[in-house]
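K.L.:
Structure below; questions to follow.
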Amino acid sequence: MTVFRADYFDGITAGAKVVEVSLLDQHLRFVHGEQEETFLLAALRPQAAVGSARRVIELPDGGRLETEDVAAFDRLRLPSADRFWRRLHMLENHLGWVLVSLVLAILAGWGMIRYGVPVLAEQVAHATPVRVEIKLGEQVLAAMDHQYGYFRPSTLTEQRRASIVADLKAYCLKQPQCPAYRLEFRQGGSIGANAMALPGGIMVITDELIALAQGNPAESNHEIIAVLAHELGHVERRHALRQTLQGTFSGLVLVALTGDFDSLAAGLPAVLMQMNYSRQMENEADQYALASLQRACIPPQAFAGILQKLQKQAEGGNLPEVLSSHPDTQARIQPFVDAEKPACKA
Amino acid sequence: MNGENQTPVVFTGKTSEYFGIWIVNLLLSILTLGIYSAWAKVRRKKYFYQHTFIDGVAFDYHASPIAILKGRAIAFALFVLYSVSSNISPAFSGILIIAFIIFLPWIIVRSLVFNARNSSHRGLRFDFTGKAWQAAKLYLFMPLLIIVTFGLIYPFISQRRNQFLMQGHRFGLSQMRAEFKVSGFYVAYLQAFLLSIALIGIGGVATILISQDGLKGLTTNNPSAIVPFILVYVVMLTISSAFLRSRLVNMIWNGTSIDHIGFKSTLRARSLVWLYVSNLLAIVFSLGLLTPWAHVRTVKYHADNMALLGEVDFDHFVGEKKAEIKSTGEEIGEMFDVDLAFG
Ligand SMILES: [Zn+2]
C-alpha cells in the first residue's frame, strides 16, 4: 500500500525524483524510472524532526527521501533509535513546555551565576596554591605600576612608613591569627586616596589616603589601620582572587551558554550580578574590620571617620575601593559609630 | 532581467516555532553547564537549513554534536590555559599566542571544510577545497602590509579573502567561480569610511547630550551609567557595518557562479541598517528574549533578497559515487567549526 509521496535524491545527481513510497513487510519500497528500490526498515535512518520542516529519511546507500507529509511519516513509526530527539521535538513544540523551559532557563541561568559561580570560584581559590596567588598579585601590581601607570613611587618619609608598618604589626599581633600580607606604599596619582587588596595578600595604600587620615596626629594611624583592617578582611577571605575567578567564570558560562558572542543583552545581567556579590564581600570585610579593631583596642569609630572623609572628598570624583559598591555609606558606618569604644588602650 | 530565469530562495521559518527550539537549547545548555551547546548548535543550524528552500527543496546540516563538542572542549581548555598562564607566566602565554597564530590558517581552512562537508542540498554535499597556505597568505602575511600602507590595502585583502572563500566551495563536483572587481571593494570601503566619520560626529553630539546626567552617574562609580554610552557606540558601529555588509554581500554573490547558475543578491543598505539596529534594540530591551525573532527575520531578509539566475536544472549537478560519499562522511570527524563572516 502507498504510504506517502516523497522527493527521492539518489546522492549522485541533484535532481529530485517524485516517488510513491509504499510499505510492505518490513520493507520500504519505491520505483523511480525503471528502477525499483527496496530497503529494510531497520536499515533506514530517519532524521529527527526539526520544527515543521520536511521529514527526511536517510537511505543506507547515501540517497535520501524528503516528504512534506509529516502525518504519514509519523504514522510509519520508524524504529528511530533517537528517543531523545523525539522528546526534544515535543518539548520544543508545545507552548506549555516552552513556557516552562523559559522560566526554568531564567532561573537556572540566574542561579548558576548567582550561586554556582561564587561557590566554584571559592573552591578553585581554596585549591590555588598560595605561591601562585602571590605571583598573580605581583603581576597585577606590576601592571598597575607600569602598564596602566596608575601609581608612582611613594613620597612618604621612611619614618612615616615605619610607623605605619609598626602599628599594623602591633594590630596584627593582637589578632588570634593574622593573614600573611605585604604592605605597599604608592602615590595614587589619578586614583587619589585609596587602598586596595590584591591577590596574594598584597595591600596597596596611597600617600593621598595617608594624608587624608592625618587630621589629629595622635589618632591618625588609627584611621589608616582601620582602612587596612578592612583590606585585611579581603585578604583573609581571598576576595581578590575569588573576584578575579568569578569574573572569568561568569564570562565563560555566558560564552558556553550562548555559543556565540553576539549576546550583549545576556552579558548585562552578569555585570550587575558581579556588583552584587562584591557588595557581600565588602560586608564580610567590614565585619572583619569591626571585630579585629576592637580586639586591637582601636576605636572602630576611626573607620567611620576615615570613610566620612573619603566620602566628602569623593563627591564628584573617583570612588576609593573601601567605598565601592556601597551607595549608602551612612548605613554602612553606623555599626562602627555605635560600637563600644574598647576598654583597653592601643 | 527575465523573470522566468530567476529562482527565489525561500525561507519558511517562523519565530513562534524557532522560539521553542531556542529556549530549550538555552535551558539544556545551562543545565548541562554548556555541554549541550554543541547539540544546540546542530539543532539551530538544522532549523535554519531545513527551512531554506530553493526550487522546493531545502538544505540540510549533518554535523555530529560530538565532533563540535570536542572542538569546543579543546578551545575551552586552551582558553583557560591561556587566561591562567597570562597572569602567572607571560612567557608561556606568549608561546601559546604564537602557536595559535601559526595554526590559524590551518584552523580557518579546517573550519570551512567542516562546515561545507556537513552541509548538503538535494542529497549532494558541499565541500571546501581552499588550501592552508592560501589562508596563511590572506590571513597572516597580507595583514602585515596594512601597517605599511596605512590600511589602504585592506579593501584589496578583503576582495582576495572573499574570492578565496567563495572559489573554494564545491557543490557535489561543481566548483564555484568567483570574480570580484577590486575597484568595487575600494568604493564600498571608502563609502563606509566616510559614513563612519559622519556618524562619529553625530555620536559625539549625542554623547554630550547624554552626558549631561550620564557623567554624573559615571563619577559615582555606577557601572550602569555607562550603558547609554556603550549603546550609542554600538548603534553607530552597527550602522556602518550594516552598510558595508550590504555592499559587500551584493558584490560577492553577484560575482559568484556555479556551472550555469549565477546569483543575484539585492540587499539594501538602508533596510539592513534598520534590520540590525532594530534587532539590537529589541534584544537589549527584551533582555535577550527577542533573540529568536531577530535571528529569524534576519535570515528571512537575506533569503528574500537572494535569487538564482539561469535555468535551474539540478540534474546537471553530480556528486561523488555513492560509495565515496560514505568515506567523506567518515572523515568529517574533524571538529573545528569557527564561524567566519564576510567582511
Ligand atoms: Zn573593600
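The values are calculated or read from the model by the stated rules, or taken from the named source; none is laboratory data. The model shown is predicted, which means the values in this text are computed figures rather than measured ones. Every residue, glycine among them, receives a Cβ derived from its backbone with ideal geometry; neighbour counts consider all protein chains shown.
K.L.:
Would you point out which residue out of A:28, A:40 is surrounded by 15 or more Cβ atoms within 10 Å (Cβ to Cβ) and among the aliphatic types (A, V, I, L, M)?
P.N.:
From the options A:28, A:40, the qualifying one is A:28.
K.L.:
Say we look at the range B:140-156 and pick out the residues that are under 22 Å from the mean Cα position of the chain (by Cα) and surrounded by fewer than 19 Cβ atoms within 10 Å (Cβ to Cβ); which of these is modelled with the highest pLDDT?
P.N.:
The initial filter retains those residues of the range B:140-156 that are under 22 Å from the mean Cα position of the chain (by Cα), namely B:140, B:142-143, B:154-156.
Applying the additional criterion that residues be surrounded by fewer than 19 Cβ atoms within 10 Å (Cβ to Cβ) yields B:140, B:142-143, B:154, B:156.
Details: B:140: 86, B:142: 86, B:143: 84, B:154: 88, B:156: 91.
It comes out as B:156.
K.L.:
Here's another thing I want to ask about it. Among the residues of the range A:276-285, is there at least one that is away from the ligand (no atom under 14 Å from the Cβ) and either at pLDDT 65 or above or of a type outside the set (D, E, K, R) (or both)?
P.N.:
So far as the range A:276-285 goes, yes, one or more of its residues are away from the ligand (no atom under 14 Å from the Cβ) and either at pLDDT 65 or above or of a type outside the set (D, E, K, R) (or both).
K.L.:
Suppose we keep only residues that are away from the ligand (no atom under 13 Å from the Cβ) and farther than 19 Å from residue A:160 by Cβ within the range A:190-211. Which one would you say is surrounded by the fewest Cβ atoms within 10 Å (Cβ to Cβ)?
P.N.:
Within the range A:190-211, the match that is surrounded by the fewest Cβ atoms within 10 Å (Cβ to Cβ) is A:190.
K.L.:
OK, next. Here is a list: A:321, A:315. Which entry is at pLDDT below 85, charged (D, E, K, R) and within 15 Å of the ligand (Cβ to nearest atom)?
P.N.:
Step by step, each of A:321, A:315 is checked, and only A:321 is at pLDDT below 85, charged (D, E, K, R) and within 15 Å of the ligand (Cβ to nearest atom).
K.L.:
When you go through (1) away from the ligand (no atom under 13 Å from the Cβ); (2) at pLDDT 85 or above; (3) farther than 25 Å from residue A:162 by Cα one by one for residue A:253, which number turns out not to apply?
P.N.:
(2)
K.L.:
Taking the condition in contact with a Phe, Trp or Tyr (Cβ under 8 Å, 6 or more places away or on another chain) and part of a helix (DSSP H, G or I), does residue A:112 pass?
P.N.:
no
A quick yes/no check of all residues on (1) assigned to a helix (DSSP H, G or I); (2) surrounded by fewer than 17 Cβ atoms within 10 Å (Cβ to Cβ); (3) in contact with a helix residue (DSSP H, G or I) (Cβ under 7 Å, 6 or more places away or on another chain):
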site: B:58; (1), (2), (3): no, no, yes
site: B:69; (1), (2), (3): yes, no, yes
site: B:82; (1), (2), (3): yes, yes, yes
site: B:85; (1), (2), (3): yes, yes, yes
site: B:92; (1), (2), (3): yes, yes, yes
site: B:106; (1), (2), (3): yes, yes, yes
site: B:130; (1), (2), (3): no, no, yes
site: B:135; (1), (2), (3): yes, no, yes
